[in-house]
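Participant: Supplied in C-alpha cells, the structure appears directly below.
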Amino acid sequence: MGRRSTGLLVAAVAGCQTLVSQVVGQPVFGGNATNQAFQVWLSNWRNYYCHVKGKHVPHVEDKDLPKAFQGHPAKEVTSDSGAASGVVTEGMGYALMIEGMLASTGDAWAKNLSLSLARSWMGMVQGGGDDMEKPLGGTDENDGSATKVDVKPYGVSAIPGVGPAGVATWKFPRKFCYGLSNKTDPCHGSATDGDEDAILGLVYLAKALEYPADFVDMTVRSVIAFASADLGFPDMFRTLPDGTRVYVAKAGSQWGGLTPPAGKFMREKGVPDWCTVPAYFAPANYRTFRDFLKTQWKPEFDKYLPPHLNGTKTALQDLVDAFEATITAGYNILYYSSCESGTVSNWVGVKAACKSDEDLSCEGVPWEHTPYVGAEKGNCSASGTGWGRFGADASRMPWRIAMDYALYSEETEKVRMFDRSGKEDKRIKFNARYYLNRIATQYKLYGKCDGGVLGDCDCDYGGCKVNFTQAFPLSAAFEINTSNAVPTAPTVRAPGITCDNVPHIGQSWWAGFMSWPTFTAFIAPYREKVHRDGKILKPMNETMSRTWLESLANICDYDKFNAEGHYMIKGATCQRTYFHVTQEVLATFVMSGSVPRLAEPRDSHGLAKHVEKLTSEGRAGVVIMEHHTASSVTALALTMSAIAGALALSVLVLRAARRRPTGGRATDDYLSQCPLVCDQAATEDVTAAFA
C-alpha cells in the first residue's frame, strides 16, 4: 500500500463481518462480489482511454512539464455523441481521479495511466498556442486573461509555471461546439465537475510520485486556480446574518453560482442566471485539497494566490477557509434541493443578488429560494437535463456524498445547517450519513425485496443463475411510472421521488447511470431508527449493510467477462456505453472501499483510524490496521484473543457466503481497443506503452 509501519495486524478477511471494534460511524464496504464488480467496470472504463498524440487535445512537450511526465505518452478519454462527444473534462476528470487514487496505493499500472492522462489534461489547460505564459484555462482565448483575477471571467483559471496548471476548457476539439450551440464560437470556459475531479487525481498522483517538488508546485497552482475560477475565490461569496461566509460551486469558470448577470464580471451569453448543479458539489475533493495544501505549502507558493480586487493579498488560511465555506454552502443547498428519498434536482437556483451587479460579495442566503431562482420562482437548466428533475446531472450526487463519508466520516457529522433566512438551525438533522440513509430507507420501504437478507433479492424465475440479484423488485423503490402495460409486471410510482424541492418526475432507475450511484448509500451506517410514512425502520448492523452492497453488486452477471465470452455482461441495469460506465465504475469504486485517503489521521495512540482494502494487490477485503507503539500492539493482541471464538464463527459465515466467479481484468488486447471515435491507426499497444 506504499506505507511503512512497525507492524501489521490482520483484523478480518473478505466476506465476513469485521469484529475488531470500530470507531462509531466508520463506513461499511462490500466484499468479494463488490470488488469483482469494480474490477470489471474498471476494465470497461479503461477501454475509453485512447493513446492518440495530439489527436483531439493540444500536445505539451517534455521540456514544459515536470520531470515525472518524461517518456509517458498522452492518453485521452473519448466519449459519446452530443454534449459529451469528443474529449470532455468530465470524462478526463473521472479517469484521472480513479487512476490517481489507485496509483497512490502503489498500483504501478494506474500510475502510468495517470501520468498519460495528466499529460493530456495539461494540454487542455494550455489549450494550444506556443506561449506557455498565456494558457487558455477557463477563458476564451490564449490572451493572458486566464492568469488575471480582475478581468472577465472573474478569477484566475490558470497559473503559469513548469506545467500548465489550472482548469481546462470543457471540450476538445474546440470546434465541436460550433454545431452544439452556435456557429462562430469554439468551446470555451471550464466545467466545475471535470476540473475538481481531474485536480483531485493530480493531488493523489503527487502522493504516488512521493511529492516531487516540481509536480507539487504544479498541483498547488492547479488547486488555487480551481478555487478561484470555479468557486469564486477570493471575492465571490455571500455573508449570512451571523457573519458566516459561504462560497457556491459554479457551473464553470464563466457562469453559474453567484456570477452576476451583468456588470464587469457578468456571466457568459446564452446561459441562465443564478444557476448551479447540486451534484457538482464535491466535498471530499475540497477537504482533500485543503489537507494537501496544509501539508505541502511552502512560502514561495504565496505568490500564486490571487489578490482581492482591492489589491489586498490573500493567504493560505483564506483559501482553506474558502473550501470549508463551500462545503457548508453545498450541504445546505443539497438539503433544499432534495427529497426524503434522496432524489436531487439536476439544476437549482441560488439567487442572492447584491444591490449592484458590480459587487461580487454582499449579505445574502444562496438557498433562500432553492430550488427556484429567486422569489419569482423561476427555473434554470442547461446541458439537456431539466430543472427540478432527478436525472443524469443529479444522479452523481449519491456517490459524491458517499465518497465524502468514505474518506471523512467523522468530519461529515459536523455540518452546520441553516434555515432559509440564513440562521443556524440545529433542529435540522442533515449531513452525509443522513442523506445516504434517506436513499437506503427508500429501498427498504419501497423495494420488493430486502437486500440486507442473504438471498432475499435473488432471482426466482426459470433458468436464472444462483446468486443473481433480480432488478425488478429493487426498481420499485424509484419507479417513476404507474403502468399496467406489462400485465405480469405492473408498476406503481414510488412515493417520495418528487417533492417541493424536486417537483418533476426524472429519469428511469433502469438506466445504469441512475441506479448504480444510489447503491453507494449503503456504505453509511444505518444506526438510528427511522420514522417515515407511518412506519418505523430499525437500525441495520454492519453485516446487513455489507449484504446490501453485495446484493446490489450481484445485479449484473460477469461470468462471461472474458475472452471466451466476448467480455459480455448481462443485466438490465448493466449498460456499457460511455455515461453508464462512468457511473458504474465510480459507484463500485466507492462501494468496494477502493477509495484511499490521502493521509491517515491518527488517534492519541498513533493508530490509523481508517481501515483500507488492499485492492491494488488483489487481496480485496483484507482489513489492515497500522500500529506504532508497543502498548498499541499489546492492546490489540488482547482484543484479538478475546474475540478469537467469535472470529472462528465468522469464518463459518464466510464459507456459507455467496461467492461469485473471479473475473479479474480483461486481457491487454481488450484494454488496447478504443471506441470508433479514436483514430485506430494512431493507437499504440497498451502492453508496450505500460510494460
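Participant: Read phi for every residue in the stretch 263-268 and hand back ³J(HN,Hα) as whole Hz from Karplus 6.51 cos²θ - 1.76 cosθ + 1.60, θ = phi - 60°, with x for Gly and Pro.
Facilitator: For the stretch 263-268, the Karplus curve yields x, 4, 10, 4, 5, 5 Hz.
Participant: For the stretch 66-175, what is the accessible area per residue in Å², given a 1.4 Å probe and the full set of protein chains?
Facilitator: Solvent-accessible surface per residue comes out at 27 Å².
Participant: Follow-up. At 0.692 mPa s and 37 °C, plugging the Kirkwood radius over alpha-carbon pairs of the stretch 455-614 into Stokes-Einstein gives what diffusion coefficient in µm²/s?
Facilitator: Here the translational diffusion coefficient equals 179 µm²/s.
Participant: Based on the mean of other beta carbon atoms within 10 Å per residue, what is the order of 531-543, 399-411, 422-434, 154-166, most packed first?
Facilitator: Listed from highest to lowest mean packing, they are 154-166, 399-411, 422-434, 531-543.
Participant: Further question: Which residues' amide hydrogens lie under 5 Å from the amide hydrogen of Phe233, considering only partners 5 or more residues apart or on another chain, with H built in the peptide plane?
Facilitator: Ser228
Participant: Using the Karplus curve 6.51 cos²θ - 1.76 cosθ + 1.60 with θ = phi - 60°, what ³J(HN,Hα) values do you get for each residue of the stretch 124-136, in whole Hz, with x for Gly and Pro?
Facilitator: 5, 5, 5, x, x, x, 8, 8, 5, 7, 10, x, 6
Participant: Residue separation times 0.36 nm, minus the C-alpha to C-alpha distance between Lys423 and Asp460: what's the value?
Facilitator: Residue separation times 0.36 nm, minus the Cα-Cα distance, leaves 8.1 nm.
Participant: I would also like to ask the following. Shape of the stretch 430-513 from its Cα gyration tensor (a ≥ b ≥ c, root eigenvalues): rounded if a/c is under 1.5, otherwise prolate when a/b > b/c, or oblate?
Facilitator: oblate
Participant: Let me test this: with uniform point scatterers at the alpha carbons of the stretch 134-257, what is the Debye-based log₁₀ I(q)/I(0) at q = 0.16, 0.22 1/Å?
Facilitator: Taking Cα atoms of the stretch 134-257 as identical point scatterers yields -0.77, -1.20.
Participant: Length gain on complete extension for the stretch Lys294 to Val151, per 0.36 nm per residue less the alpha carbon to alpha carbon distance?
Facilitator: 48.6 nm
Participant: Here's another thing I want to ask about it. Along the three principal axes, how long is the stretch 254-320 when you take its alpha carbons, biggest first, rounded to the nearest angstrom?
Facilitator: Sorted largest first, the three principal extents are 41, 32, 13 Å.
Participant: What is the packing order of peptides 199-205, 310-316, taking the mean over residues of other C-beta atoms within 10 Å and listing the highest first?
Facilitator: The densest-packed peptide leads the list: 199-205, 310-316.
Participant: For Thr259, tell me the accessible area in Å² from a 1.4 Å probe, rounded to the nearest 10.
Facilitator: Counting only protein heavy atoms, the figure is 10 Å².
Participant: Given 20 °C and 1.002 mPa s, compute D for the stretch 401-474 with the Stokes-Einstein relation, Rh being the Kirkwood radius over Cα pairs; round to the nearest whole µm²/s.
Facilitator: For the chosen part, D equals 141 µm²/s.
Participant: Can you find, among Ile199, Pro173, Val156, the residue farthest towards the positive end of the dipole of the stretch 123-233? Put +1 on the C-beta of Lys and Arg, -1 on that of Asp and Glu.
Facilitator: Positive-end residue among those listed: Pro173.
Participant: Mind listing the phi-derived Karplus ³J(HN,Hα) values for the stretch 507-520, rounded to whole Hz, using 6.51, -1.76 and 1.60 with θ = phi - 60°, and x for any glycine or proline?
Facilitator: 9, 6, 4, 5, 6, x, 6, 9, 7, 4, x, 5, 5, 5
The values are calculated or read from the model by the stated rules, or taken from the named source; none is laboratory data. The structure displayed is predicted, hence computed values, not measured ones. Note that we place each Cβ from the backbone using ideal geometry, even for glycine, and neighbour counts take in every protein chain shown. In case anyone asks, the SASA skips ligands and DNA or RNA and just uses the protein heavy atoms, side chains included. Shrake-Rupley method; radii C 1.70, N 1.55, O 1.52, S 1.80 Å.
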